[in-house]
Every structure is written in C-alpha cells, then in structure tokens.
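**Q** Just passing along the structure, written as structure tokens.
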2 protein chains.
Amino acid sequence: MDEFSLIRNIFQQPQLTEAGSVPDQGIGDDCSLISLPADQQLVQSIDTLVADVHFTANGDPYLIGYRALAVSVSDLAAMGAKPHSFSLALSLPENNPEWLQRFADGLAAMANAAGISLIGGDTTRGPLTISVHVQGIVPKGKALLRSGARPGDLIYVSGTPGEANAALPYILGEKAVTSDAEQHLVDRYWQPTPRIALGQWLLENGATSALDVSDGLSGDLSHILRASNCGAELFSEKLPVSDALAEVCGDEAIDKVLNGGDDYELCFIWPAGKPMTAQMSEQCPTPVTCIGHITKKKGLWLDGQSLEPGSYNHFSN
Amino acid sequence: MDEFSLIRNIFQQPQLTEAGSVPDQGIGDDCSLISLPADQQLVQSIDTLVADVHFTANGDPYLIGYRALAVSVSDLAAMGAKPHSFSLALSLPENNPEWLQRFADGLAAMANAAGISLIGGDTTRGPLTISVHVQGIVPKGKALLRSGARPGDLIYVSGTPGEANAALPYILGEKAVTSDAEQHLVDRYWQPTPRIALGQWLLENGATSALDVSDGLSGDLSHILRASNCGAELFSEKLPVSDALAEVCGDEAIDKVLNGGDDYELCFIWPAGKPMTAQMSEQCPTPVTCIGHITKKKGLWLDGQSLEPGSYNHFSN
C-alpha cells in the first residue's frame, strides 16, 4: 500500500467519518456532498495551526489532533451552532504512520465529543501544518453574531480563561511541571473544551452576542464592542481566577485572565434584567461568570480605568 | 494598521467577496453563514498547495493565487457543480503587502472567472502554504460521481492534457523559454482553466462519471475504473496532442498526455449511442475528444497492451 493510501485508510475510520452527521457523499470522490434542512443556515469556519507557531511540533500527536479540531469547533460554539461535519488539510514533513495514527485518534476523540464527522480532506508533503474547515447548522437568522450587544447588557465569560497562556512556559520546556496546578494548566492548553452546549443554550435563550476567546478576553471582547458600536466596563474582583492559575501566577493571574489566549472559552452578552442562572445551571452546567456590562460610552474600562486590549499573538509570533 | 488588519483589508475587496453568491454573513465574525435552496446539495472540497512542492515559491504571486483557486474550483467542475463560495487558509513566512496584493489580485481574477465569492479565511505566520476550501451546488442526486461508468460507455477528455507537466523544466528554471510553444506550456501550468461550464453541461445532459485530471490521465481514469468496477481500452491515435506539446516533447508527447498531471482537464464517461457533439458544441464550446471506451474486463489497456497507470507526484515529491 502506498503512503497516501495508508493515510486515507487511517482517516477513513468510522470513529471519524461517523462521529456526527453522515454526508450524502463522504471521502472518496472529487468532492463531498451534504444536504441542509430548509429552515437552517450552514455555519462555517477555517483555521490553520502551524507547527512551532500554534503548537510545539514535538508535542504528543494525539493532543495535537485533539486540539486542532477543538479550536475550530469552538468557532461553531461561538455562533450557537450544532456541529455537523469537517474537512482536514494536512501537510506532513515525513511518512510516519505511528504519528499519524495517534493524530487521528486525538482527532477522533474530539470528533466524538463534538458530534462532528470527517467528510473530506487533502494530505500533502510539506512543513507540518493543519487546516481544519468546520461546519455546523443554526436555525435561520438565529446565529449569535458579534454585533448584537446593547448598552446595559451584561458581559459573561465561561470557565476560567488565562490558564492556557499560563501553561506556555511548561509547553515550551522553559519550566518543568512539578505540581498538580501546573499540570492542570498544561492540560487546559492541550485539551480545551469547545463550549458547544453553552453556545446552543445561549442561542435558544436569548443571548445578544458571543465569540470565543482565542486571542485573549480583552482583545476578543473589543471585537464585540467594535461590531456593536459600544463600550464595556469590567470589574477585576469579578474576573474568574482558577485556584491553579492563582497558585502558579500569583499577582499576574488577572493579567492572564484578561490577555491570555488559547482558552477557547465563550465571552457572551446577556440582556440586563433577563433571568439566567437558575434555569441555565439545570440545562447546561457550564460555569459562567458575569464580569461587567456594556456601556454607551466607547472604550474598554477596568475598575474605571481605561484598559488597552492586550494583543495576544500565540507563542512565537 | 497592524499586519493582520492590513491582510483583512486586502482580502475584503468586493472583487473577491462579491465575485459569486453573496453569503448571509461573510468575513468578520467567528463563522460565515450561508443558506441553500431546498432542492440542492452542497458540494465541497479542500486542497492544499505547499511552496516548492506544488508551486515554485519565487513564482509570480498573481499566478500563485490564480492557480490555487483554479485547482480547487476544478474539483467542483468535476462534480458538475455551480461554484458558490470559498474560504482561504494562508500561511505566510513574512509580512509582504505587495506580494499579498498581487496574490489577492490573481485570486480575484479566478474568483470572477468562476463566479465564486470569498466568505472566510485565516491568515497565519508560517511556511508558505495555501489551503482553499471551495463549495458549489448541484441539483439533489445529480452530481457526477466516479462510480457511474458502465461497459460500452465512451471515455472523453477535455482540452489537451500533458501540457502542464511538459512545462515543469521551464517552471523550475532548468530550461529557458525560447519559443512560443514553450511559453504556451508555461501558461497552461500557471493558468489552468477549470471546466465549469463543461461539468454543468455534462450533469444536465447525462454523462455517467467524471473527475478532473490532477495527477495524470491514466492514474485518474483508474479511480473511475475502480469506483465503477470495470476496465478501459484507450487508443493512442485518438489521444489529443497539442501542437505545442508535439513541438516541445516530440516522441514523449504521448507519455505526457497519459501521465502528466496538473492540467485540470475533465475526464468523463458518456453513454454509447447517445449523441453529444453537435448539441454540445453550440451550448458549451469546450473541446473534448473521445479516447476510448469502458470494458467489462478489468484493467487499463492502450492499443491492446496493458497500461500501468503513471503515478504522478508533482515536482518535488
């Protein structure tokens, strides 16, 4: 069997091709074919991860595969979409079946967690680069956009952002992992949780805006402010700081929460006066925290001081 | 303006974003949004081109952009699809606005020729790598697959394959272009013509199979034979050899036609006894040539001799 037939076989496992919706035509022709219910829109995103820019090339291929798909699925979650299917464009520097099998296993683990099927792809020789194109569905006109925030609305974030960024010294081998807290941060970097159920709950229950925090909370929130033509006031004592982050980063923890990227939590906007928490915790147990509110006055403010959005550029940009 | 804002501006030109179907939501949110008519299927493909594997990194960026989109659109043509929209994942080794503007201009030229709109993308730092995800639409159940060929059907190819492969010594700088014929071959390499109108005509008028010739006619035809569980008999005197190819390659021209890749012509299967040419030449003036027929006996045969499909691996694989 030649190399590219072997690769095709590795990716044609049912754990990948039947993890979610089954296409009308999947891998094996010039193109895939899917149908779409008439009352739905197709939600799509493409992301590229480059070795030693977005992840360490010598990382565990299982985790590289898991994370590559998680990062893209997170964009679907941010729109409130139900995951449907994905395509993979993979450049590989060498023929290494063991590496590829573990990569595919990690990809399959996330595919099953997200309920999303592999329907097409392209494998080429080249520097290690992973492009993932994902698609999901939303009821027509209901997707969570960046442009819906209004003055007075509340600003929420899911989970505990900042942890992935705090893991970088350990990921890069600059520091050794010596505690459970440090290991927790490393796990959060490699295995982010796309907030799929939360995104769909928010869509169904009336959130006004959402996005996923890939580049840092302050910078990503600013995208909502620009698209919605408004400002935001945040309060440092409300920011969710995990025990692990506090233990490892001390006084720098708040900076990590505000400016650290790679967590793939959702930042979302909720209408003031609309009850949420009790109802939500039953139906969707993702932890969320209110960290401030939308203002008519432009700009981003923390405890009354102007805050410059941190521009997070991953680790080697 | 920071680098990535500049890049966004270059790609948000209407020549790209409005070249074909306009999405419900294009560039600027976490995801794009499209709707699909209820009687259509969505046809999708992803392809990656790596610098110095699939094209020369020092080539004209206009031609690199033009060709990158043409190669992917060709997969839509092979299914008989009408192009709809595409996403671009681009890794760039350095910030070079002039390079990027010319790349985008080449991309826009093909986008307008094909009637396909840019709806999303991702730009990262990394080795020069271009992934293009394209999508088109077909009437439900009508797409041209590889599995429809039946014994007795006729085998056709469009245009004059072999020219792009014959251009490689000039593309790679191993030989200098000194004649119009050589320049013609180089032009065919950089600016292939996706056979969109032909693909749609074939879908509407009853072709039984089709694919695009990316890796070489004999190898790609073998994909149809495998999927359709049959064989094929070809005749060397019927193979279309262009004047330029004959002039430059002499006795090797037939080998180029059979095994050269990168032409992106369509190879398609047509029911025997069904009239085609007169009707077709009016509605779709793409030149096509009947080169043989499908046989019940497995295998690929040329003038009665068994033919080993050439495995074409681009120029540096």
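The values are calculated or read from the model by the stated rules, or taken from the named source; none is laboratory data. On a predicted model such as this, the values are computed, not experimentally measured, just so you know. Neighbour counts run over all protein chains shown; Cβ positions are idealised from the backbone, glycine included. Each accessible area value is taken on the protein alone, full model and side chains, heavy atoms only, with ligands, DNA and RNA left out. Shrake-Rupley method; radii C 1.70, N 1.55, O 1.52, S 1.80 Å.
**Q** Set Lys and Arg Cβ to +1 and Asp and Glu Cβ to -1, take the dipole of chain B about its Cα centre, and tell me which of B:Trp301, B:Pro192, B:Leu6 lies farthest positive.
**A** Result: B:Trp301.
**Q** Cβ neighbours within 10 Å, averaged per peptide: list B:288-299, B:172-183 in order, most packed at the top.
**A** In decreasing order of mean packing, B:288-299, B:172-183 become B:288-299, B:172-183.
**Q** If you take every residue apart from B:Ser158 with its C-beta less than 10 Å away from the C-beta of B:Ser158, what net charge results, scoring Lys and Arg +1 and Asp and Glu -1?
**A** -2
**Q** Report the dimensions of region B:154-306 along its three principal axes from the alpha-carbon atoms, largest first, rounded to Å.
**A** Rounded to whole Å, the extents work out to 46, 36, 24 Å.
**Q** Once you average over the residues of A:19-30, how many Cβ atoms of partner chains fall within 10 Å of each Cβ?
**A** Per-residue shielding by partner chains comes out at 5.
**Q** Where in region B:77-103 does accessible area fall by at least 10 Å² between the isolated chain and the complete protein assembly, at a 1.4 Å probe radius?
**A** B:Met79, B:Ser87, B:Ala89, B:Ser91
**Q** Please get the size of the charge dipole for chain A, origin at its Cα centre, with Cβ charges of +1 on Lys and Arg and -1 on Asp and Glu, quoted in debye to the nearest 20.
**A** Using Cβ point charges on Lys, Arg, Asp and Glu, chain A gives about 1220 debye.
**Q** Using a 1.4 angstrom probe on heavy atoms only, work out the carbon and sulfur share of the accessible area of region A:1-107 in %.
**A** Accessible surface attributable to carbon and sulfur in region A:1-107 totals 47 percent.
**Q** For region B:3-139, give the share of DSSP beta bridges that are antiparallel, in percent and rounded to the nearest 5; count only bridges with both residues there.
**A** 70
**Q** Next question. Return one whole number: the accessible area per residue of region A:3-139 in Å², for a 1.4 Å probe.
**A** For region A:3-139, the solvent-accessible area averages 29 Å² per residue.
**Q** I've got another one for you. Using Cα pairs closer than 8 Å and at least 6 residues apart in sequence, work out the relative contact order for chain B, in percent.
**A** 23
**Q** Further, regarding this structure: Pairs A:Lys82/A:Lys140; A:Lys274/A:Lys297; A:Lys140/A:Lys298; A:Lys142/A:Lys298; A:Lys256/A:Lys297: which exceed 19 Å Cα-Cα?
**A** Over 19 Å Cα-Cα: A:Lys274/A:Lys297; A:Lys140/A:Lys298; A:Lys142/A:Lys298; A:Lys256/A:Lys297.
**Q** Relative to the Cα centre, what is the charge dipole magnitude of region A:85-197, using +1 at the beta carbon of each Lys and Arg, -1 at the beta carbon of each Asp and Glu, and rounding to the nearest 20 debye?
**A** 660
**Q** Now for a separate question. Across the protein assembly as shown, how large is the tail of the calculated P(r) beyond 44 Å, expressed as a percent of all Cα pairs?
**A** Tail of the P(r) past 44 Å holds 23 percent of the pairs.
**Q** Same structure again: Sticking to Cα atoms, compute the Rg of chain A to one decimal and its Dmax as the biggest Cα-Cα distance, whole number, in Å.
**A** Considering chain A through its Cα atoms, Rg and Dmax are 19.9, 65 Å.
**Q** Between the helical axis of B:61-79 and the dominant principal axis of chain B, each derived from Cα atoms, what acute angle in degrees is found, rounded to the nearest 10?
**A** 50
**Q** How crowded by other chains is A:33-41, given as the mean number of beta carbons from other chains within 10 Å of each beta carbon?
**A** For this peptide, the per-residue mean of nearby foreign Cβ atoms is 6.
**Q** Once neighbouring chains are kept in place and the probe is 1.4 Å, which whole percent of the accessible area of region B:154-306 is contributed by carbon and sulfur?
**A** Of all accessible area on region B:154-306, carbon and sulfur atoms account for 48 percent.
**Q** Near B:Pro139, within a Cβ-to-Cβ distance under 11 Å, what is the net charge of the other residues, with Lys and Arg +1 and Asp and Glu -1?
**A** Neighbourhood net charge equals +1.
**Q** Please state the relative contact order of region B:55-157 as a whole percent: Cα pairs under 8 Å, 6+ residues apart?
**A** Across region B:55-157, relative contact order equals 40 percent.
**Q** Take B:Glu174, project a point 7 Å from its Cα along the Cβ direction, then tell me which residues of region B:227-253 have their backbone nitrogen under 19 Å from it.
**A** B:245-253
**Q** What does the helix-only formula give at 222 nm for chain A: each DSSP H stretch with n ≥ 4 adding -39500 (n - 2.57), the total divided by the residues, and the result rounded to the nearest 500 deg cm²/dmol?
**A** -10000 deg cm²/dmol
**Q** Once a ≥ b ≥ c are taken as the square roots of the eigenvalues of the Cα gyration tensor of region A:261-308, is the result rounded (a/c under 1.5), prolate (a/b larger than b/c) or oblate (a/b not larger than b/c)?
**A** Oblate, because a/c is 1.5 or more while a/b does not exceed b/c.
**Q** Now a separate question. Taking a ≥ b ≥ c as the square roots of the Cα gyration tensor eigenvalues, with a/c under 1.5 meaning rounded and otherwise prolate when a/b beats b/c, else oblate, which class fits region A:115-223?
**A** oblate
**Q** Now for a different question. Order the peptides A:111-118, B:237-244, B:70-77 from the highest to the lowest mean number of other Cβ atoms within 10 Å of their residues.
**A** The packing order, highest mean first, is B:70-77, A:111-118, B:237-244.
**Q** Relative to the isolated chain, which residues of region B:121-151 have their accessible area cut by 40 Å² or more in the presence of all protein chains (1.4 Å probe, heavy atoms, no ligands or nucleic acids)?
**A** Going by heavy-atom accessible area, the residues of region B:121-151 that drop by at least 40 Å² are B:Asp122, B:Thr124, B:Arg125, B:Pro127, B:His133, B:Leu145, B:Arg146.
**Q** Could you tell me the total accessible area buried at the A-B interface, probe 1.4 Å, in square angstrom to the nearest hundred?
**A** When A and B are taken together, about 4000 Å² of accessible area is lost.
**Q** Something else now. So for the protein assembly as shown: antiparallel DSSP bridges make up what percent, rounded to the nearest 5?
**A** Bridges in the protein assembly as shown are about 75 percent antiparallel.
**Q** Now, a different point. I'd like the antiparallel share, as a percent to the nearest 5, of DSSP beta bridges with both residues in chain A.
**A** 75
**Q** Which shape class, rounded, prolate or oblate, goes with region A:1-120 when its Cα gyration tensor gives a ≥ b ≥ c as root eigenvalues, a/c under 1.5 marks rounded, and past that a/b bigger than b/c marks prolate?
**A** It is oblate, given that a/c is not under 1.5 and a/b is not larger than b/c.
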